[in-house]
Amino acid sequence: MLPSGLKETQLRESNNNQKVHPQPMEESINQNPEAMEALISNLFGNISSLKSAYIELQGAHTPYDPEKIQAADKVVISELKNLSELKHFYRENNPKPVCVSPQDSRLAAEIQEQQSLLKTYEVMVKKFQSEIQNKDSEITQMLQKIEEANQKRLKLEKNLKLRGMSTNEASNGDGNLQFPDLTTELFISTYEAAAKAVHDFSKPLINMMKAAGWDLDSAANSIEPDVVYAKRPHKKYAFESYICQRMFSGFQQKNFSVNSESATVMADDDTETFFRQFLALKDMDPLDALGTNPDSNFGRFCRSKYLILIHPKMEASFFGNLDQRDYVTGGGHPRTTFYQVFLKLAKSIWILHRLAYSFDPAAKIFQVKKGSEFSDSYMESVVKNIVVDEKEENPRVGLMVMPGFWIGGSVIQSRVYVSGVKVLE
C-alpha cells in the first residue's frame, strides 16, 4: 500500500499523460527519478508537519490546556504513523544494493538523519504523554478536594441554619466560616476564659473597696473565716471565691437563676438551642447584646446577678448613692465603666452555662466545701509550689476559688486555696 502523498503524485503524473509501465515497484522507484523525488517530497512534508504539530503540542502546555494538548498529540501521532509508513514502504521496495552510487549514499544519509530525528520526536511525544497523564491525575485530585470542600461547606451551612445563624454572622469577613465544633476542648477553653473574667473583675472590686476605706482583712475574713493564708496578698482569693459563689449560684439549673415564669422555657433536650445561644453571644460585646434586647434571658441574668453580687452598702460606699442599683432594678443596663466590667464577667459565666447544656448529657458542676481534704484528682491549688509537712495531717481546703466540672468522662479540676501550708519562694 502506497502512502497517500505518493498515490497523489502518481495520479497527477497519469493526468499529465506520462505513461507508467507495469513493473516491479522497486524498479519504478530506482529507475524513475520523479517517483523518488515524490517519495522524498512526501518525507520532508511529513517531517515539516511533525515539527508544526510538535510546536503546537509545546504551546498547549503554556498555559496548560488539556483539550489543545490532546488535539496536538493526535496530530503528532498521525504524522509519526505517516513517516513510519514511508519508512516501511521504502525498505520493502528498495533492498540494499550491492553497489551504492554517491547519490544513493547521500539519500541514505538523509534518511538516516530523518530517522534519528523521528526517534527524538517519539521520545518527546512519550514524555509529553507522561506529563499529560500526571496533569490529569493532579486535576482529578484537585476536583476531589473541591468536592470535599463543597460537602464540608454544605454541612456547615446546614448546621448554621439549624442554629438560626446566617453565613455572614458566622464568617470572619473574608467568606471563611468560623464554626467551632462542640468538643470538650471548647468547654475547657470557655471555662478558662470564665476563670480569667472572675480574676479580672476582682481587681477593680478590691481597688474600689480600698478607695472607699474598707478593711480588706476583715472583709476577707467575713467571706470565709479561719482561713490560714501563707501570704497576706493571698487574701485576694477570698474575693474571687466570693464572686464565684454568687455568679455560679443556680448553675445546675437550666434556667440559671432566670425567673422561669417570665423567661422563655426551652425543651429539656433542646441542646441545639443552648449551643445557638452560645454561638450568638460568644464573640459579641455584651453591652451591644443588651442594647438590642435588654429584657432577654441574658439581660435578666445580668440584672439578678448584679443585685446579688454588689451589696447596697458596697455600692453606696463606691458611688455615694444607689442610683446605679435603682437603674438596674428598674430593668435598665447602665453604661458606666463599672457595670461594663461586670457585664464581661456575667457574659463569660452565662455562655459557659449555655455551652454546658449544649452537651448530651450536660456538663455537671461540682463544688468543694471548706475543710475538705485536698485531692489532686479533682482539685487544683491556685497557689503553686505549696509544701506539705509529712508529719501533719493532709492539707485541707480553705476556699473554693472556681468550681469544677464533669464532662464526657473527663474532670475539670476545681480550683481551691489550700489552708495552712507553706509556699516555696
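The values are calculated or read from the model by the stated rules, or taken from the named source; none is laboratory data. Small disclaimer: the values here were computed from a predicted structure and weren't measured. Methodologically, a virtual Cβ is constructed for each residue, glycine included, from the backbone with ideal geometry; neighbour enumeration extends over all protein chains shown. Quick note on the areas: whole protein, heavy atoms, side chains included, nothing else; ligands and nucleic acids left out. Shrake-Rupley method; radii C 1.70, N 1.55, O 1.52, S 1.80 Å.
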Worksheet item: How about segment 266-342: which helices (runs of 4 or more DSSP H) wholly inside it have at least 1 residues that are under 33 Å from the mean Cα position of the chain (by Cα)?
Response: 271-282, 286-292, 297-309
Worksheet item: In segment 222-245, what count of residues is obtained for those that are surrounded by fewer than 15 Cβ atoms within 10 Å (Cβ to Cβ) and either closer than 18 Å to G404 by Cβ or out of contact with any strand residue (DSSP E or B) (no Cβ under 9 Å at 6 or more places or on another chain) (or both)?
Response: 4
Item to complete: Would you point out which residue out of R415, R354 is among the charged types (D, E, K, R), crowded, with 18+ Cβ neighbours inside 10 Å and touching a strand residue (DSSP E or B) at 6+ places or on another chain (Cβ under 7 Å)?
Response: R415
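In segment 378-425, how many are under 22 Å from V198 (Cβ atoms) and either touching a Pro at 6+ places or on another chain (Cβ under 8 Å) or outside any strand (DSSP E or B) (or both)?
10
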Item to complete: Answer yes if at least one residue in segment 78-92 is among the charged types (D, E, K, R), at pLDDT below 75 and open to solvent by 70 Å² or more (accessible area, probe 1.4 Å), and no otherwise.
Response: yes
Worksheet item: Picking from N259, N297, which residue would you name as being over 30 Å from P395 (Cα atoms), loosely packed, with under 13 Cβ neighbours inside 10 Å and of a type in the set (S, T, N, Q)?
Response: N259
Practice prompt. Assess whether A346 counts as being in a loop (DSSP other than H, G, I, E, B), within 18 Å of S249 (Cβ to Cβ), open to solvent by less than 40 Å² (accessible area, probe 1.4 Å) and not β-branched (V, I, T).
Written response: no
Worksheet item: Looking only at segment 364-403, which residues are in contact (Cβ under 8 Å) with a residue 24 or more places away in the chain, farther than 16 Å from D226 by Cα and polar (S, T, N, Q)?
Response: Q367, S377, S381, N385
Discussion item. Is it the case, given these coordinates, that A197 is within 21 Å of K422 (Cβ to Cβ) and either open to solvent by 50 Å² or more (accessible area, probe 1.4 Å) or assigned to a helix (DSSP H, G or I) (or both)?
Written reply: no
Worksheet, complete the sentence: Scanning segment 187-219 residue by residue, those basic (K, R) and under 19 Å from M400 (Cβ atoms) turn out to be K196
